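Below you'll find the structure, written out as structure tokens, and then a few comments.
The values are calculated or read from the model by the stated rules, or taken from the named source; none is laboratory data. Quick caveat: nothing in here was measured; it's all calculated off a predicted structure. Because the Cβ atoms are built from the backbone with ideal geometry, glycine has one as well, and the counts that use them run over all protein chains shown.
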């Protein structure tokens, strides 16, 4: 079990929501051929889940230096050589990102300004592969049903996932 310690300010995705998410993804993707971008990585738990399933490349982006250092240290301890950790502001990172990914996952702070713009930013950047999916974890206060590229919506307790293609 990965334990970041009590001083972490990140809100990790619940185990129930994470298990449900990975069950959905396992029906559509062969993880061993997938490249993943994990934005607002927090504790790195989503990145570690993807890496443990054999994804060929996992990039974790986290602004908090303490958190990104923890993710980096843990990925080395777990021998996840396919993981790259970036200590960066997600919105700034997205401006310069040119790599294409099969799965992009974002779990920003629920009350962060600009969360509602993430689907448009990501889908306009050409960083999601043709058959790829962008998954945004967000509060119940955000609604993307009118967003033209939204393909699915799931709720697991207080966790809401919106899926975009």
Test: residue 162 is surrounded by fewer than 15 Cβ atoms within 10 Å (Cβ to Cβ) and either touching a residue at least 24 places away in the same chain (Cβ under 8 Å) or closer than 29 Å to residue 82 by Cβ (or both): no
Between residues in the stretch 30-47 that are surrounded by fewer than 19 Cβ atoms within 10 Å (Cβ to Cβ) and residues that are assigned to a helix (DSSP H, G or I), which pairs lie under 7 Å by C-beta distance while being six or more apart or on different chains? none
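Hey, which of the helices (runs of 4 or more DSSP H) in the stretch 1-120, taking only ones fully inside, have at least 3 residues that are at pLDDT 95 or above and farther than 29 Å from residue 144 by Cα?
Because the criterion is at least 3 residues that are at pLDDT 95 or above and farther than 29 Å from residue 144 by Cα, the helices (runs of 4 or more DSSP H) in the stretch 1-120 that meet it are 65-77.
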Only one of (1) in contact with a helix residue (DSSP H, G or I) (Cβ under 8 Å, 6 or more places away or on another chain); (2) under 17 Å from residue 132 (Cβ atoms) is not met by residue 98, so which one is it? (1)
Of (1) surrounded by fewer than 20 Cβ atoms within 10 Å (Cβ to Cβ); (2) in contact with a helix residue (DSSP H, G or I) (Cβ under 6 Å, 6 or more places away or on another chain), residue 117 satisfies every one except (2)
How many of the residues making up the stretch 136-150 are exposed (fewer than 11 other Cβ atoms within 10 Å of the Cβ) and over 17 Å from residue 14 (Cβ atoms)? 4
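Looking only at the stretch 131-141, decide whether some residue is farther than 21 Å from residue 25 by Cβ and touching a residue at least 24 places away in the same chain (Cβ under 8 Å).
Kept after step one, since they are farther than 21 Å from residue 25 by Cβ, are these residues of the stretch 131-141: 139-141.
Now narrow it down to the ones that are touching a residue at least 24 places away in the same chain (Cβ under 8 Å): 139, 141.
Yes, because at least one residue in the stretch 131-141 is farther than 21 Å from residue 25 by Cβ and touching a residue at least 24 places away in the same chain (Cβ under 8 Å).
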Being surrounded by fewer than 13 Cβ atoms within 10 Å (Cβ to Cβ), over 14 Å from the mean Cα position of the chain (by Cα), at negative phi and without any contact (Cβ under 8 Å) to a residue 60 or more places away in the chain is the requirement here; does residue 82 meet it? no
